1. Pick from the stretch 303-346 the residues that are in contact with a Phe, Trp or Tyr (Cβ under 6 Å, 6 or more places away or on another chain) and closer than 17 Å to residue 378 by Cα: which of them is surrounded by the fewest Cβ atoms within 10 Å (Cβ to Cβ)?
2. For the stretch 93-139, name all the residues that are closer than 21 Å to residue 152 by Cα, among the charged types (D, E, K, R) and at pLDDT 85 or above.
3. I'd like the full set of residues that are polar (S, T, N, Q) and crowded, with 19+ Cβ neighbours inside 10 Å, limited to the stretch 347-365.
4. Which condition from (1) more than 21 Å from residue 382 (Cα to Cα); (2) modelled with pLDDT of 85 or more is the one that residue 260 breaks?
5. Please go through (1) small (Gly, Ala, Ser); (2) closer than 18 Å to residue 73 by Cα; (3) loosely packed, with under 12 Cβ neighbours inside 10 Å for residue 124 and return the number of the only condition it doesn't satisfy.
6. Please specify each residue of the stretch 366-378 satisfying the condition of being farther than 26 Å from residue 324 by Cα and either surrounded by fewer than 20 Cβ atoms within 10 Å (Cβ to Cβ) or not assigned by TED's automatic domain parsing to the domain that holds residue 304 (or both).
7. Within the group 225, 237, which residue is at pLDDT 85 or above, surrounded by fewer than 24 Cβ atoms within 10 Å (Cβ to Cβ) and in the same structural domain as residue 333 (by TED's automatic domain parsing)?
8. Could you say which residue among 129, 113 is aromatic (Phe, Trp, Tyr) and more than 22 Å from residue 70 (Cα to Cα)?
Amino acid sequence: MTALPSPVMAVLRKELVDSLRDRRTLVAMLLVPLVVSPILMVGVGRYAQSRAQEAREQPLRVAVVDPHNDSGLADHLDALPGIEAVPEKDVTSLSARIAAEEYDAAVLVDENFQREVAALHPGGVSLLFKSSDRFDQQKARIKDALTGFEQKLLDRRFAALQLGPDVVHAIRVQEHDVASPREQLGKLVGGLLPYMFILFCFTGSMYPAIDLAAGEKERGTLETLLTAPVSRWSLVLGKFLVVTLTGITSALIAMLGLYLSFKYGFEGLPPELLSAIGQVLEPATIAAVFALLVPLAMFFAALLLMLSIYARSYKEAVSIISPLTIVVLVPAMLALIPGTRLTAVTALIPVLNVSLATRELVAGTAAPALVALVFTSLLALAFASLFACSRWFAREDVVFRT
């Protein structure tokens, strides 16, 4: 491996030390990915589970409108744990009372319910509810209760007809998913993981890039650096390597945070799922994902340095670069859409190709030729961006723009 020229190493050491002294860089590169990853994967997941459990255990107050009081539905609901059935006659105000959360829901029994059931027809029941931020658990719980009530009526009907419940089933379907646990896990979370890696890779590169170009321009130290006996190319390459390194480090720490989240944050997982997670986190998969992140980080570094040196001040650089976070994440979000696959075309689209390739690698279904195409296209884009960045730094009207 060819060693870097000594001027480049000198610039690299100088800029790396300066970057590591900057608190914003350290927070973006180390603290945010290490803390945010576990919070997103474990904290949010457990919070959602606790909220769903709370919604499942919350007592429900259900109005029951039974014209003849002979369906037995009110007694059935009232006997279930966590459900209070309240007989009601006034139908006109039920919608407003549910909207005001006086009732969680209402069940309206049709006038001819018993007659229809006796004639071996389905009896009509209407369910009124209000969609809420409680995962619509009240609707699900009441529908489960109605299913249980229906089963009781069916049992009576079968007993009266001297038939077994299996008579209503003409076929029996047994489902067998041939996808391995790793494939199932990969398709489930494989789109989310690169979304997070790309985000942290970009944010980890953003603040060092702003500080090493616009920041130095604002502090007045860029002119001093340009007078040093170092070529403009060496100067650009040194800064570029520092920004690339911080972006990769941020993504790697995000990987570490996710690994710790899966290993210690989720307890009681099935052995099959734990085995699939172990396969996903195997060294070969991590190395392949890392190989894709390197040229992506190089592309981010060159792009951010170009924009940063163009800005007149640190504040202007932040205002220019910050909106790019959304632009970068849009292709990553596209990978979350079902049906978006890694093809010869999507393998050439920056960011999207990394998301799709990572998802396939995590699932263990990646085509080597397409992954190689992704890596090659990213590498070509990275070097083209570096060349453009060096040309940008060579323009005096850009470097000394005020």
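The values are calculated or read from the model by the stated rules, or taken from the named source; none is laboratory data. Computed from a predicted model, the values in this text were never measured in an experiment. Using ideal geometry, Cβ is built from the backbone for each residue, glycine included, and neighbour counts are taken over all protein chains shown.
1. By that ranking, first place goes to 328.
2. 110, 111, 115, 116
3. Of everything in the stretch 347-365, those that are polar (S, T, N, Q) and crowded, with 19+ Cβ neighbours inside 10 Å turn out to be 353, 355, 358.
4. The failed condition is (2).
5. (3)
6. The answer is 367, 368, 369, 370, 372.
7. 237
8. 129
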